[in-house]
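> Following this message is one structure expressed as structure tokens.
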Amino acid sequence: MNEFTQRDNNRNQSTADISHKHIFLFDNKYSEGVFNNNTGGDYDLVPGTVVIRDTGDPTRVIPAIAGATLVNIVGVISTNETISGIATGTDVNVSYCHGGMVDQDLLILPGGVTLDTIPTSSSKTVGDILRALGFDLKSSTEHTKFDN
């Protein structure tokens, strides 16, 4: 993900802040799939969103929600940018990562869920479930300085 912000723009000078963030760091494994919005409203699919298998149609993945469904995590969405306004019931072709080194700080988890959360009917944390899939969770350090 890239962010570009122009702070100052006058006749002879322009100051721009450019930030690069990489969720997928090394040796990642990807699969193609179909993402289905089953949330009941419009949905913005953000890179790094954790997804589960749709039990009604195993060829599709759906957003992970808090509760017992978190034990069924199958991967992390990999898109170049946010896909905005996906209507309820709509399918979108996506790639999702199912293993490799990822930046744990950029994962998009459901509200109130962390990597230390233990899903209902499980004895493992969300982080343990992701590691069992083959993810190597790393925390990166941000060295960008924009206040100069």
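> Anything in region 45-72 that is on the phi > 0 side of the Ramachandran plot and either within 14 Å of the chain's Cα centre (by Cα) or surrounded by 15 or more Cβ atoms within 10 Å (Cβ to Cβ) (or both)? List them, or say none.
The one that is on the phi > 0 side of the Ramachandran plot and either within 14 Å of the chain's Cα centre (by Cα) or surrounded by 15 or more Cβ atoms within 10 Å (Cβ to Cβ) (or both): G48.
> Only residues that are of a type in the set (S, T, Y) and within 19 Å of F135 (Cβ to Cβ): list them for region 39-78, please.
Those that are of a type in the set (S, T, Y) and within 19 Å of F135 (Cβ to Cβ): T49, T69, S78.
> Consider region 54-99. How many of its residues are of a type outside the set (S, T, N, Q) and assigned to a loop (DSSP other than H, G, I, E, B)?
11
> OK, next. Considering only region 125-137, I want to know if a residue exists there that is surrounded by 14 or more Cβ atoms within 10 Å (Cβ to Cβ), in contact with an Asp or Glu (Cβ under 6 Å, 6 or more places away or on another chain) and not aliphatic (A, V, I, L, M).
yes
Every read-out reported here was derived from the displayed coordinates using simple, explicitly stated rules and does not represent laboratory data. The shown structure was predicted, so the numbers you read here are calculated from the model rather than taken from an experiment. When we count neighbours, we look across all protein chains shown, and the Cβ atoms used for this are built from the backbone with ideal geometry, even at glycine.
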